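The values are calculated or read from the model by the stated rules, or taken from the named source; none is laboratory data. Bear in mind the structure is a predicted one, so any value in this text is a computation, not a measurement. Cβ: placed from backbone, ideal geometry, glycine included. Neighbour counts: every protein chain shown. These accessible areas exclude ligands, DNA and RNA; they are computed on the full protein's heavy atoms, side chains included. Shrake-Rupley method; radii C 1.70, N 1.55, O 1.52, S 1.80 Å.
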Amino acid sequence: MNAKQLSAFKAVMLSGSMSDASRMLYVSQPAVSRLIKDLEDSLDFQLFERRNSRLYPTQAAQSFYREVQRHFIGMDNLAQAADQIRMMRRGRLRIAAMPAIASSIMPSVLSQFLNSREDVSANFAPHLSVELANRVGAQKFDLGMVMLPIDNKEISFGPCYQASCVCIAPAGHRFEQQDVVVPSDLHREPFVAIGLENTILRFLIDDALRKNRTKPDERIETMLLPTAAQLVQQGLGVSIIDPFTAHSFVKQDVVIRPFEPEIPFYFGFITPANHTISGLTQEFVECFEHYASEHFTLTPVDPNDIAVV
């Protein structure tokens, strides 16, 4: 029993004759007859009787037809599901993001994305950028957001951007009276340093301070940018962090000010190498870009132009 035989049987039941069924299926009448004969042989019971040059379904055929209808209803449901997936109405998206974005704007982006797509679900996890890239390269995630640069042969880059870091200070700090913070403001200032694990960001911060002969009082060093912001909030010093983390502290007891000269924060989307990006993945990227562009100034960058320090 196969799909062609079932289609022929359904067509004969609907049309009442082999000839009409052949026209419905765009095949010859002998082909339909052969398919019905083969189906009867596989079922081991007769499906049709011919009386007075007309074709009549047997009682067994009527019972079998009810089961065949359920089969085709199921096939129709599968076709509709495929259409919904193509139209990005349904699916599951696996996303990973570095902590700075995972703990700041990602919940808002995911909320917008999923609330407008009731049949879409997501698996979301925060990871450090290097581990995240390894997991995306191993196809454990469909999409990742990492701090750049990243050197991994198993990933492909999507859109990449540069944003500007900001200075964050405890509530009531003197920076509250300034429009901009400059390196000299940080001289001997209690400072929450970003760990060396964030190689390029740490280098850019240190370079800006060194060029201006500024030496803050590094009271504590931490690997994660969200942790740095929390330490600042507790009054352990000031810090220079990414704008996304700072954005999540806007309504809390902290002072946030632009920092000059600009210290760029590089980040970008990655996907598994040699892997076709789904429509759902592309939709999420566009959703993130739309949300981010409303709150931040982002400049597109080529990830190959960001030197590994």
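Name the residues in the stretch 275-294 that are in contact with a Ser or Thr (Cβ under 9 Å, 6 or more places away or on another chain) and under 22 Å from Pro258 (Cβ atoms), would you?
Tyr291
Going by the structure shown, is Ala82 at pLDDT 85 or above, among the aliphatic types (A, V, I, L, M) and either assigned to a helix (DSSP H, G or I) or open to solvent by less than 40 Å² (accessible area, probe 1.4 Å) (or both)? Quick ask: steps written out before the conclusion?
Details: at pLDDT 85 or above: no; among the aliphatic types (A, V, I, L, M): yes; either assigned to a helix (DSSP H, G or I) or open to solvent by less than 40 Å² (accessible area, probe 1.4 Å) (or both): yes.
Spelling it out, it is not the case that Ala82 is at pLDDT 85 or above, among the aliphatic types (A, V, I, L, M) and either assigned to a helix (DSSP H, G or I) or open to solvent by less than 40 Å² (accessible area, probe 1.4 Å) (or both).
Would you pick out the residues in the stretch 38-61 that are open to solvent by less than 70 Å² (accessible area, probe 1.4 Å) and under 55 Å from the mean Cα position of the chain (by Cα)? Asp38, Leu39, Glu40, Ser42, Leu43, Leu47, Phe48, Pro57, Thr58, Ala60, Ala61, listed by residue number.
Given the criteria open to solvent by less than 10 Å² (accessible area, probe 1.4 Å) and either within 24 Å of Gly195 (Cβ to Cβ) or among the aromatic types (Phe, Trp, Tyr) (or both), does Ile150 qualify? So Ile150 does not fit the description; no. Of all residue pairs spaced 6 or more apart or on separate chains, none has beta-carbon atoms under 8 Å together with a first member in the stretch 291-309 that is assigned to a helix (DSSP H, G or I) and a second member that is at pLDDT below 90.
Quick check on this structure: which one of Thr227, Thr281, Thr271 is out of contact with any His (no Cβ under 9 Å at 6 or more places or on another chain), part of a helix (DSSP H, G or I), polar (S, T, N, Q) and touching a residue at least 12 places away in the same chain (Cβ under 8 Å)? Walk me through how you get there before you give the answer.
Values: Thr227 fails: touching a residue at least 12 places away in the same chain (Cβ under 8 Å); Thr271 fails: part of a helix (DSSP H, G or I).
When all the criteria are applied, what remains is Thr281.
Filtering the stretch 174-207 to residues that are crowded, with 17+ Cβ neighbours inside 10 Å and touching a Pro at 6+ places or on another chain (Cβ under 6 Å) leaves Leu186, Glu189, Phe191. Against the numbered list (1) within 23 Å of Ile101 (Cα to Cα); (2) open to solvent by 10 Å² or more (accessible area, probe 1.4 Å), Cys165 comes up short only at (2). Among the criteria (1) modelled with pLDDT under 95; (2) open to solvent by less than 10 Å² (accessible area, probe 1.4 Å), the one Phe269 does not fulfil is (1). Apart from one condition, Phe288 fits all of (1) touching a strand residue (DSSP E or B) at 6+ places or on another chain (Cβ under 6 Å); (2) within 19 Å of Ala102 (Cβ to Cβ); (3) buried (at least 20 other Cβ atoms within 10 Å of the Cβ); the exception is (1). Go through (1) open to solvent by 40 Å² or more (accessible area, probe 1.4 Å); (2) under 14 Å from Ala193 (Cα atoms) for Asp253 and report which single condition fails. Status for Asp253: all satisfied but (2).
Condition test on Asp242, is it in contact with a Leu (Cβ under 6 Å, 6 or more places away or on another chain) and under 21 Å from Ile306 (Cα atoms)?
Spelling it out, Asp242 is indeed in contact with a Leu (Cβ under 6 Å, 6 or more places away or on another chain) and under 21 Å from Ile306 (Cα atoms).
Please count how many residues of the stretch 236-250 are open to solvent by 10 Å² or more (accessible area, probe 1.4 Å) and assigned to a loop (DSSP other than H, G, I, E, B). Counting residues in the stretch 236-250 that are open to solvent by 10 Å² or more (accessible area, probe 1.4 Å) and assigned to a loop (DSSP other than H, G, I, E, B) gives 4. The criterion of being closer than 12 Å to Met147 by Cα and open to solvent by 20 Å² or more (accessible area, probe 1.4 Å) holds for Leu128.
If you scan the stretch 251-306, which residues turn out to be of a type in the set (D, E, K, R), within 21 Å of Met106 (Cα to Cα) and within 23 Å of the chain's Cα centre (by Cα)?
Glu283, Glu286, Glu289, Glu294
Pairs meeting the criteria (first residue in the stretch 104-123 and of a type in the set (A, V, I, L, M, F, W, C) and part of a helix (DSSP H, G or I), second residue at pLDDT below 90 and open to solvent by less than 40 Å² (accessible area, probe 1.4 Å), beta carbons under 7 Å, at least 6 apart or on different chains) are Leu114/Val120. Of all residues in the stretch 230-254, those satisfying the criterion of being touching a residue at least 24 places away in the same chain (Cβ under 8 Å) and under 22 Å from Leu298 (Cα atoms) are Ser239, Ile240, Ile241, Asp242, Pro243, Phe244, Thr245, Ala246, His247, Ser248, Phe249.
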